[in-house]
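Below is one structure, written out as structure tokens; comments come after it.
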Amino acid sequence: MYEDGEKGLIVTDERLMMGLNGDEAVAYAIKQVEPDVVAAYPITPQTIIVERFSEYVANGLVKTDFVSVESEHSALSSCIGAEAAGARAFTATAANGLALMWEMTFIASSLRLPIVMAVANRALSGPINIHNDHSDAMGARDSGWIQIWCENSQEVYDACIEAWRIGEHTNVQLPVMINLDGFTLSHTMENVFTLPDDVVKNFVRDRRFIKVKGHLGESELRLDPGTPITMGPFDLQDFYFEHKLQQVEAMRRALEAIPEVDAEYEALSGRGYRLIHPYMVDDAELVIVGLGSTMGTASYVVEKLREKGVKAGLVKIRVFRPFPKDELVKTLRSIPVVGVLDRAISFGAPNGPLCEEVKTAFYEEKDRPLIANFIHGLGGRDTSPSMIEGMFHRLMKIKSRGRVDQLIEYVGVRE
């Protein structure tokens, strides 16, 4: 280990340890990837990402074309055009910005364009709130994007490198959304181990294209005057259904491609990622399932409960789309009681969006846990260790009664 010439940086085994907040971790990873186009519009708490990246552009550290557009709709539209022409494109947004992109999120996935987008998750609501919950990305869960959820800034950095290989995998060819909790991660500095620029570029490699049959024979799926193809044509009853099933199949294949990329990245970085991350689950009787930064707090609570003799555990879901049904069922099948944490409300639904997925995964299973749903942390409200411990105590009561009497519990809300 030695100190680097730049103040505050430490190099360990060819890895540079940097103090970065989540937004800066995104910007630094994207700088190392050096995509052809970055198009973005500022919105809290994402703005730091494109501010930092624009500095890299202005200082000549990347050759990326930075497009400062008039809205988030235009940002994703620009990325769609760039990717369709064969370039690599990146954008970032949050909350209302993602909502303004709504139309284009479906177009990006339907055209099979592996755009990478970071979302600094923020409440999408009125009255306006700029703090964290998961309502923005959960609203986009059926738009056809792969979704990766991060617990800390190290995961953010790593996901922003892996995302290109995942989305551009020739069996996948889908856009990828990287989710980091607004302010909790986006504005909080942590130690982040980064890789050398050349290592990142060698890992990401050149963009790969699938082959399609066009008017002049077989060609790559990109706009090229030499071999013209039509992208995004009018798609009526005779083909639309079939095209949607191609997206379904691509999502299914992503469940196989993501572990491939994870394994290769682990060999490179020493950091291993999975579709889901179980913790102290093997002998557990009470398990909490959730997404994002809250799972770091939950792991602390699990350790404290274990010291008291409580057989607690947790499962952090890293990849929400495609949903890792088989891995989750295998991990939780023998657990008596499971509590699912949702940081978003699905209005009018019997449960929150993550809980509905978990319950659906177990519907056909003979052996399945009792499943409770906890809505927490809306609009950035803190979810403290004591609140999570309280959730485990409620799971204990459910276990003793042998039934779930209340479909949803709202944790930390005033009466």
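Any residue at all in segment 147-155 that's modelled with pLDDT of 95 or more and touching a His at 6+ places or on another chain (Cβ under 9 Å)?
For segment 147-155, residues modelled with pLDDT of 95 or more and touching a His at 6+ places or on another chain (Cβ under 9 Å): present.
Is there a residue in segment 308-320 that is without any contact (Cβ under 8 Å) to a residue 40 or more places away in the chain, touching a Ser or Thr at 6+ places or on another chain (Cβ under 9 Å) and in the same structural domain as Asp382 (by TED's automatic domain parsing)?
Scanning segment 308-320, I find at least one residue that is without any contact (Cβ under 8 Å) to a residue 40 or more places away in the chain, touching a Ser or Thr at 6+ places or on another chain (Cβ under 9 Å) and in the same structural domain as Asp382 (by TED's automatic domain parsing), so the answer is yes.
For every residue, the table says whether it meets (1) farther than 19 Å from Asn132 by Cβ; (2) within 24 Å of the chain's Cα centre (by Cα); (3) polar (S, T, N, Q).
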site: Ala312; (1), (2), (3): yes, no, no
site: Arg318; (1), (2), (3): no, yes, no
site: Val337; (1), (2), (3): yes, no, no
site: Tyr363; (1), (2), (3): yes, no, no
site: Gly379; (1), (2), (3): no, yes, no
site: Met387; (1), (2), (3): no, no, no
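Can you list the strands (runs of 3 or more DSSP E) lying wholly within segment 128-222 that have 1 or more residues being over 24 Å from Met101 (Cα atoms)?
So the answer is 190-194, 211-214, 217-220.
How about segment 95-113: which of its residues are within 17 Å of Glu168 (Cα to Cα), surrounded by 21 or more Cβ atoms within 10 Å (Cβ to Cβ) and among the hydrophobic types (A, V, I, L, M, F, W, C)?
Ala108, Leu113
The conditions are (1) assigned to a loop (DSSP other than H, G, I, E, B); (2) assigned by TED's automatic domain parsing to the domain that holds Asp36, and Asp235 fails exactly one of them. Which is it?
(2)
Taking segment 31-82 only, how many residues are surrounded by fewer than 18 Cβ atoms within 10 Å (Cβ to Cβ), more than 22 Å from Lys201 (Cα to Cα) and of a type in the set (Asp, Glu)?
Selection size over segment 31-82: 2.
Determine, yes or no, whether Arg271 is touching a residue at least 40 places away in the same chain (Cβ under 8 Å) and among the basic types (Lys, Arg).
yes
Taking only pairs six or more apart or across chains, which ones have beta-carbon atoms under 6 Å, a first residue in segment 92-114 that is within 15 Å of Ser74 (Cβ to Cβ), and a second residue that is part of a helix (DSSP H, G or I) and polar (S, T, N, Q)?
From segment 92-114, the pairs are Met104/Ser77.
Would you point out which residue out of Ala92, Ala123 is among the aliphatic types (A, V, I, L, M), within 24 Å of Leu291 (Cα to Cα) and either in a loop (DSSP other than H, G, I, E, B) or outside the structural domain of Lys31 (by TED's automatic domain parsing) (or both)?
Numbers: Ala92 fails: either in a loop (DSSP other than H, G, I, E, B) or outside the structural domain of Lys31 (by TED's automatic domain parsing) (or both).
Sole residue among the options that is among the aliphatic types (A, V, I, L, M), within 24 Å of Leu291 (Cα to Cα) and either in a loop (DSSP other than H, G, I, E, B) or outside the structural domain of Lys31 (by TED's automatic domain parsing) (or both): Ala123.
Yes/no matrix, rows are residues, columns are (1) farther than 17 Å from Ala118 by Cα; (2) out of contact with any strand residue (DSSP E or B) (no Cβ under 6 Å at 6 or more places or on another chain); (3) of a type in the set (S, T, N, Q); (4) in a loop (DSSP other than H, G, I, E, B):
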residue: Met17; (1), (2), (3), (4): yes, no, no, no
residue: Glu24; (1), (2), (3), (4): no, yes, no, no
residue: Lys31; (1), (2), (3), (4): no, yes, no, no
residue: Pro42; (1), (2), (3), (4): no, yes, no, yes
residue: Pro45; (1), (2), (3), (4): no, no, no, yes
residue: Tyr56; (1), (2), (3), (4): yes, yes, no, no
residue: Val67; (1), (2), (3), (4): no, no, no, no
residue: His73; (1), (2), (3), (4): no, yes, no, no
residue: Ile80; (1), (2), (3), (4): no, yes, no, no
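Can you report the number of residues in segment 281-301 which are touching a residue at least 40 places away in the same chain (Cβ under 8 Å) and under 14 Å from Leu341 (Cβ atoms)?
Selection size over segment 281-301: 14.
Within the group Ile258, Ile276, which residue is crowded, with 16+ Cβ neighbours inside 10 Å and touching an Asp or Glu at 6+ places or on another chain (Cβ under 7 Å)?
After ruling out the rest, the residue left standing is Ile276.
If Arg414 satisfies every condition in (1) farther than 19 Å from Thr294 by Cα; (2) at pLDDT 95 or above but one, which is the exception?
Here Arg414 clears every test but (2).
Among all residue pairs at least 6 apart or on different chains, which show Cβ distances below 7 Å where the first residue, located in segment 229-252, is at positive phi and the second is in a helix (DSSP H, G or I) and of a type outside the set (Asp, Glu)?
Gly232/Ile107
List the strands (runs of 3 or more DSSP E) that sit entirely inside segment 314-414 and contain at least 1 residues that are closer than 20 Å to Tyr279 by Cβ and in contact with a strand residue (DSSP E or B) (Cβ under 6 Å, 6 or more places away or on another chain).
Filter on segment 314-414 gives 319-321, 337-342, 370-375.
Looking only at residues in segment 11-30 that are without any contact (Cβ under 8 Å) to a residue 60 or more places away in the chain and more than 18 Å from the chain's Cα centre (by Cα), which one is surrounded by the most Cβ atoms within 10 Å (Cβ to Cβ)?
Going through the qualifying residues, I end up with Val11.
Select from segment 289-309 the residues that are more than 30 Å from Ala118 (Cα to Cα) and surrounded by fewer than 18 Cβ atoms within 10 Å (Cβ to Cβ) and list them in ascending order.
Within segment 289-309, Glu303, Lys304, Arg306, Glu307, Lys308, Gly309 qualify.
The values are calculated or read from the model by the stated rules, or taken from the named source; none is laboratory data. This one's a predicted model, so the numbers in the text were calculated from it and none came from an experiment. Ideal geometry is used to build each Cβ from the backbone, glycine not excepted, and the neighbour counts take in all protein chains shown.
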